[in-house]
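Remarks on the structure that follows.
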Amino acid sequence: MSLKLTNIGELVTFDSSIEKMVTYSSVEIAIENGRIAAIGTTVGDCDELLDCGGCLLTPGFVDSHTHPVFLNGRENDFAMRLGGATYEEIATAGGGIVNSIDGVRNASESTLYSRVKSRLDTFLSFGTTTIECKSGYGLNTGSELKSLKVLDELNNCHEIDIIITFMGAHACPPEFSGDMDGYVDIICDEMIPAVAEQGIAKYNDVFCEKGYFNVQQSRKILKTGKKYGLAPRVHADEFEASGAAEVAAELGAVSADHLMAASNDGLRKMSEAGVIATLLPGTTFFLGKTRYAPYNRIRQIGLDISLATDYNPGSCHIQSMSFILSLACIYLHIPPLEALKAATYTAAKSLDLHNTVGSLEIGKKADMILWNLKEHVGIPYNIVNYPIRQVIKSGRLVN
Ligand SMILES: [Zn+2]
């Protein structure tokens with residue numbers, strides 16, 4: 001089965017051979033068995049033909065940070081926060097993360113499956129062709145394993161490729177209130193061995209922040225995960241410089257995410273250790289805050305930068321990577337071409353997938369977005385009317 005894309009206007013992609021974003025015009029692409037077989041001015045005959053109408057073609061988005069395994073949205077929390085309610089007031093009214101924990105614990109596997117599936121359908125319609133999904137609203141062994149199993153089943157039957165992360169260290173569940181060390185023991189002694197035995201999760205993520213998991217607890221959880229074959233990722237320094245960037249560097253995490261408050265020292269250590277900085281401007285925007293990640297400082301220190309949605313029911317109910325590009329350009333001052341690289345190639349690198357997805361190169365998966373646009377600047381420019389003409393996943397026309 002082969003497909004030829006003709007009449008491509010502008011093709012914008014990262015080129016690994018020169019390590020740069022490149023733009024080609026007037027090229028064709030041949031796809032065979034879901035992979036890119038040829039790119040050139042003429043590529044020969046194929047079984048099927050797609051006329052791209054002189055439009056822009058880019059790699060599909062790689063969303064490298066999401067929390068989609070929850071039961072219900074938290075619209076009520078949103079409304080309360082708009083009315084000035086504090087985190088504590090929302091929690092007292094039955095909202096906050098405890099609400100999501102109850103939802104996942106009480107939901108059947110099939111209910112969770114259908115909720116997550118419809119979210120994945122939306123991600124795909126917005127051009128996300130590869131996604132990292134975390135557990136982390138079960139927060140006991142059974143409910144975390146259930147969340148991971150739902151993701152694994154969806155990965156087997158949904159078009160989107162899912163990279164699965166265990167995040168037992170998302171928050172302290174209510175039954176361990178005041179005893180975070182006790183919960184850390186459960187994560188290390190019970191959950192991580194069970195997650196490793198289950199064999200689904202690739203990564204182990206920790207919310208390393210004051211009021212959540214401190215540096216010592218995070219180190220213990222990440223080290224235990226490594227011992228069981230789970231590679232570390234870190235939610236780092238979102239609210240204050242709590243030493244999380246340093247922990248990510250020390251433990252060799254592939255990515256440290258958020259970083260709004262990271263210290264220069266922490267960022268330098270990340271750079272030396274090759275940790276990717278994943279920036280999540282949707283969260284700052286959704287919470288109505290103004291402190292965005294310091295892109296220029298992070299870039300000057302020399303870190304690779306990835307962008308993701310941080311989709312979750314509490315602090316960022318955003319699924320569109322196009323919108324994240326708009327936020328990154330407007331508020332982080334990332335140039336559009338760099339933002340596109342961060343949302344495709346570097347995001348794939350942060351999931352150790354850059355040899356298969358994240359750029360349009362021969363041998364890679366044919367994951368692409370054909371836009372109703374002539375040039376890539378149109379992606380962040382069209383802030384909410386995502387002009388996607390066709391999403392192509394592994395060479396199949398899917399949306
Ligand atoms: Zn997150």
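The values are calculated or read from the model by the stated rules, or taken from the named source; none is laboratory data. Computed from a predicted structure; not experimentally measured. As a convention, Cβ positions derive from the backbone with ideal geometry for all residues, glycine included, and neighbour counts pool all protein chains shown. For the accessible areas, the whole protein counts, side chains as well, though only heavy atoms, and no ligand, DNA or RNA atoms are used. Shrake-Rupley method; radii C 1.70, N 1.55, O 1.52, S 1.80 Å.
General observations
- The angle separating the long axis of helix 141-157 from the principal Cα axis of greatest extent in the chain is about 10 degrees.
- Surface accessible to a 1.4 Å probe, ASP152 within the full protein complex, Å²: 50 Å²
- Between region 330-357 and region 76-147, the C-alpha centres lie 26 angstrom from each other.
- Mean accessible surface per residue for region 281-399, computed with a 1.4 Å probe while every protein chain stays in place, in Å²: 37 Å²
- For the chain, the longest principal axis of the C-alpha atoms and the axis of helix 321-331 are separated by about 80°.
- Sequence of PHE176, PHE239 from largest to smallest accessible area, 1.4 Å probe: PHE239, PHE176
- Among ALA85, ALA107, ALA277: highest mean-square fluctuation, GNM of the chain, C-alpha pairs under 10 Å: ALA85
- Once the Cα gyration tensor of the chain is diagonalised, semi-axes √(5λ) in Å: 35, 22, 20
- Here's the list of lysines a cross-link from LYS149 could span, going by alpha-carbon distance under 21 Å and ignoring same-chain residues fewer than 8 apart: LYS117, LYS134, LYS202, LYS226.
- 3J(HN,Hα) couplings calculated from phi for region 52-62 with the Karplus curve 6.51 cos²θ - 1.76 cosθ + 1.60 (θ = phi - 60°) are, in sequence order, 7, x, x, 9, 6, 10, 10, x, x, 6, 10 Hz; Gly and Pro show x.
- Over the chain, Cα pairs under 8 Å with separation of 6+ residues give a relative contact order of 19 percent.
- Under a Gaussian network description of the chain, with springs only between Cα atoms under 10 Å, the residue in ILE163, ILE369, ILE186 that fluctuates furthest is ILE186.
- Here the dipole of region 226-296 is about 180 debye; that uses its Cα centre as origin and unit charges on the Cβ of Lys and Arg (positive) and Asp and Glu (negative).
- Of VAL384, VAL357, VAL12, the residue with the greatest mean-square motion in the GNM of the chain, using alpha carbon springs below 10 Å, is VAL384.
- Per-residue [θ]222 nm for the chain (sum of -39500 (n - 2.57) over DSSP H runs n ≥ 4, rounded to 500): -10000 deg cm²/dmol
- Principal axis extents of the C-alpha atoms in region 313-399 (largest first, rounded to whole Å): 35, 29, 28.
- For LEU373, the residues whose modelled amide H falls within less than 5 Å of its own, excluding neighbours fewer than 5 places apart on the same chain, are LEU56.
- Relative contact order of region 76-234, pairs being alpha-carbon contacts under 8 Å that are 6 or more residues apart, as %: 18 percent
- Packing-based order for 315-322, 14-21, 89-96, using average beta carbon neighbours within 10 Å, highest first: 315-322, 89-96, 14-21
- Where the Cα pairs of region 88-129 fall when distances are cut into 10 Å bins, in %: 26, 32, 32, 10
- DSSP finds beta bridges in the chain, and of those with both partners inside it, around 45 percent are antiparallel.
- Axis of helix 97-106 versus longest Cα principal axis of the chain: the two differ by about 80°, to the nearest ten degrees.
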